[in-house]
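Shown next, in structure tokens, is the structure this report addresses.
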Amino acid sequence: VVAEMRQLGEVVGVAPAREQSGVGTAVTFHQPLRFKEVSPLISGVPTYSIEGTPADSVILALRYLFPDQVDLVISGINEGANLGSDAYISGTVGAALQGFLCGLPSLAVSVGSWKDPLFAPAAQMTKLLVEKTLGTDGTGGGLPQPVLLNVNLPNLPLERIKGIEITRLSFRKSADTIHEGYDGKRRYYWIVHQKPALEAEPGTDRWALKQDYVSITPFL
């Protein structure tokens, strides 16, 4: 996605140092944050690794590393869809929310597969959505600002994606379970996130993905 966004303007990359699935909107208050500049995957793009959550990363970027220099936030592209109520615990969405709270158009972008995700077509589609959001696509209009969009793309080449649907969150019946164990000193309990059972009614994000459409769910 960085390569695609560089066609539109300057890009910086700021991300957590390690996996942060399920942290949602969590912000670190009770311990200091640390960061370091790292070698970019794409030359010329300032890139930082943050010892914190996705939300921490955006806050640090907007308030300290690049204050008053950012016009739009893209969180992702996440591997695996963020559909239904799972979006509320998504670190990808949580990061985009911080951009929105800073008054910026913000997109949380996910591709609907954990196995062999096709990031290139998702990045190309993200570029088109950014142009539409900002009104730079030549149509003469954009979206009201700020805006927060949860975008989920089917794991398909662009030519097989049927189009774009504006959707609502599908209902997810909780399927999480608790695994109990013993570490030799005391018992512990592990929350295991099961594959969600999502409705797929027309108009929902789940339905759109099943029909090979890009799902865009406006949050705010």
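Of the residues making up the stretch 65-82, none is in a helix (DSSP H, G or I), among the hydrophobic types (A, V, I, L, M, F, W, C) and open to solvent by 40 Å² or more (accessible area, probe 1.4 Å). A search for C-beta distances below 6 Å between a residue of the stretch 34-45 that is outside any loop (DSSP other than H, G, I, E, B) and any residue that is at pLDDT 90 or above and aliphatic (A, V, I, L, M), counting only pairs 6+ apart in sequence or on different chains, returns Phe35/Ile50.
Does the stretch 169-186 include one or more residues that are assigned to a helix (DSSP H, G or I), open to solvent by 70 Å² or more (accessible area, probe 1.4 Å) and of a type outside the set (Val, Ile, Thr)?
Pass one, the stretch 169-186, residues assigned to a helix (DSSP H, G or I): none.
Among the residues of the stretch 169-186, not one is assigned to a helix (DSSP H, G or I), open to solvent by 70 Å² or more (accessible area, probe 1.4 Å) and of a type outside the set (Val, Ile, Thr), which makes the answer no.
Only one of the numbered conditions (1) out of contact with any helix residue (DSSP H, G or I) (no Cβ under 9 Å at 6 or more places or on another chain); (2) among the hydrophobic types (A, V, I, L, M, F, W, C); (3) more than 19 Å from Ala3 (Cα to Cα) is not met by Ala96, and that is (1).
Would you point out which residue out of Leu128, Leu156, Leu143 is in a helix (DSSP H, G or I), over 11 Å from the mean Cα position of the chain (by Cα), more than 22 Å from Pro67 (Cβ to Cβ) and without any contact (Cβ under 8 Å) to a residue 60 or more places away in the chain? After ruling out the rest, the residue left standing is Leu128. Checking the structure you have, find out if any residue of the stretch 56-64 is among the charged types (D, E, K, R), modelled with pLDDT under 95 and either surrounded by 23 or more Cβ atoms within 10 Å (Cβ to Cβ) or out of contact with any Ser or Thr (no Cβ under 6 Å at 6 or more places or on another chain) (or both). The answer is no; no qualifying residue exists.
The values are calculated or read from the model by the stated rules, or taken from the named source; none is laboratory data. Treat the numbers as computed from the prediction; the structure is a model and nothing was measured. When we count neighbours, we look across all protein chains shown, and the Cβ atoms used for this are built from the backbone with ideal geometry, even at glycine. Only protein heavy atoms, including side chains, enter the accessible area calculation; ligands, DNA and RNA are left aside. Shrake-Rupley method; radii C 1.70, N 1.55, O 1.52, S 1.80 Å.
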